[in-house]
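Participant: If you scroll down you'll find the structure; I have some questions about it.
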Amino acid sequence: MPTSSFFFSIILYVFLLLISLSTFTDGTELILVNNCKESIWPGLLATEGHPTPNGGGFLLKSGEEQALQLPDNWSGRIWPRQGCCFDPTTGRGECQTGDCAGLLQCSGTGGKPPTTVIEMTLGTPSSDLHYYDVSLVDGFNVPVSMRPVGGGGGSCGVAGCEADLNECCPKALRVARGGKVVACKSACVAANWSDRYCCRGEFGNAERCKPTVYNRLFKAICPRAYSYPYDESTGLNSCTASPYVITFCPPITTPS
């Protein structure tokens, strides 16, 4: 006849199984893939009130991938850092692009423009719908895309700038290191953060803030990315999926 310890073991197993399934299904999974020929140090910054995974930054070598499990309603941004060198003991150093105060783990510090930025809001208390985009508002440093796997409601489109804008960056916007263009400024950054080019102050609305010639160039090359602050019509995507795959240096595909 089964003993009480046997029934206890069964109950404990079922309890742990339920916890495991709950942990697995809750939230949203992001899979970060480095398809570049060099290492990338993803930087992460959660909006206020949300946790920042992995301390806000980590090393992702060429060919590697890293899965992140984010809680429901998580909101924040991810950006690629390149050309980094950090002290293995202190975690301090610097990056050629996307640097966050010289820290390996950004710990609440945003990336220094110009850098390509992935932005997302993974649901709200009143809706399960996820919103995400790849933004060139802060400029460009590395090609990137965000793609849902599966999905339900929403458009479930691909957000991205898959082309290397550094190769065709106008001279006035170039950031060079060692004779090589490593980043391309946005009009806002190049104009020293003026209200007109950054869509602030009296220009902080869709009627007064219009795309510049540089914004139009970025949009022509990367039609699935935000080219300026009021580019929602083609730059913003919505979906309900998990996981999403974020790829640095993704293969170039034709928008559908």
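The values are calculated or read from the model by the stated rules, or taken from the named source; none is laboratory data. Nothing here was measured: the structure is a model prediction, and the numbers come from that model. A quick note on method: Cβ atoms are made from the backbone with ideal geometry, for glycine too, and the neighbour counts reach across all protein chains shown. Surface accessibility is based on the protein's heavy atoms, side chains included, excluding ligands, DNA and RNA. Shrake-Rupley method; radii C 1.70, N 1.55, O 1.52, S 1.80 Å.
Participant: Can you send over the carbon and sulfur percentage of the accessible area for the chain, probe radius 1.4 Å, protein chains only?
Facilitator: With neighbouring chains kept in place, the figure for the chain is 55 percent.
Participant: Could you state the number of Å between the C-alpha centres of segment 40-90 and segment 153-182?
Facilitator: Measuring centre to centre over Cα atoms gives 20 Å.
Participant: Please state the charge dipole magnitude for segment 32-144, taken about the Cα centre, from unit charges on C-beta atoms (+1 on K and R, -1 on D and E), reported in debye and rounded to the nearest 20.
Facilitator: On the way: 6 positive and 12 negative charges, 55 e Å.
Charge dipole, segment 32-144, about its Cα centre: 260 debye, nearest 20.
Participant: Counting Lys +1, Arg +1, Asp -1, Glu -1, what net charge surrounds Arg77 among other residues with beta carbon under 12 Å of its beta carbon?
Facilitator: Working: positive: none; negative: Glu119, Asp133, Asp138.
Within the 12 Å Cβ shell, the charges total -3.
Participant: Restricting to the chain, compute how many DSSP beta bridges are antiparallel as a %, nearest 5.
Facilitator: Within the chain, antiparallel bridges account for around 90 percent of the total.
Participant: Please state the charge dipole magnitude for segment 116-210, taken about the Cα centre, from unit charges on C-beta atoms (+1 on K and R, -1 on D and E), reported in debye and rounded to the nearest 20. Please report the intermediate quantities before stating the final value.
Facilitator: On the way: 10 positive and 10 negative charges, 98 e Å.
It comes to approximately 460 debye.
Participant: Can you check what the net charge comes to around Ile31, using other residues whose Cβ is under 13 Å from the Cβ of Ile31 (Lys, Arg +1; Asp, Glu -1)? Walk me through the numbers on the way to the answer.
Facilitator: On the way: positive: Arg147; negative: Glu29, Glu64, Glu65.
Here the charged neighbours net out to -2.
Participant: Something else now. Taking only protein heavy atoms and a 1.4 Å probe, what accessible area per residue, in Å², does segment 26-248 have with all protein chains in place?
Facilitator: Heavy-atom SASA per residue in segment 26-248 reads 45 Å².
Participant: Also, I was wondering about something else. Counting only C-alpha contacts under 8 Å and six or more residues apart, can you give the relative contact order of the chain as a whole percent? Numbers along the way, then the final one.
Facilitator: On the way: 603 pairs, mean separation 50.8, N = 256.
The value is 20 percent.
Participant: Highest mean first, what order results for 32-40, 119-127, 134-142, 88-96 on Cβ atoms within 10 Å?
Facilitator: So the peptides 32-40, 119-127, 134-142, 88-96, ranked by packing, come out 134-142, 32-40, 119-127, 88-96.
Participant: What's the local net charge at Glu202, with K and R +1, D and E -1, over the other residues with C-beta under 9 Å away? Walk me through the intermediate numbers first.
Facilitator: On the way: positive: Arg196, Arg200, Arg208; negative: Asp195.
Taking every other residue near Glu202 into account, the sum is +2.
Participant: Here is a further query. Could you give the nm distance between label points at Ser107 and Ile252, where each point is 7 Å from its Cα heading toward the beta carbon?
Facilitator: For the pair Ser107/Ile252, the computed spacing is 4.1 nm.
Participant: Still on this model: With the Cα gyration tensor of segment 148-204 giving a ≥ b ≥ c as the square roots of its eigenvalues, does the rule (a/c under 1.5 for rounded; else a/b larger than b/c for prolate; else oblate) give rounded, prolate or oblate? Write out the running numbers ahead of the final one.
Facilitator: Numbers: a/c = 4.11, a/b = 1.32, b/c = 3.11.
Taking the square roots of the gyration eigenvalues as a ≥ b ≥ c, segment 148-204 is oblate.
Participant: Quick one: order Tyr230, Tyr132 from most to least accessible surface, probe 1.4 Å. Walk me through the numbers on the way to the answer.
Facilitator: Values: Tyr230 65, Tyr132 0 Å².
My answer, sorted largest first, is Tyr230, Tyr132.
Participant: For the Cα atoms of the chain, what angle does the longest principal axis make with the long axis of helix 4-25, in degrees from 0 to 90, nearest 10?
Facilitator: 10 degrees
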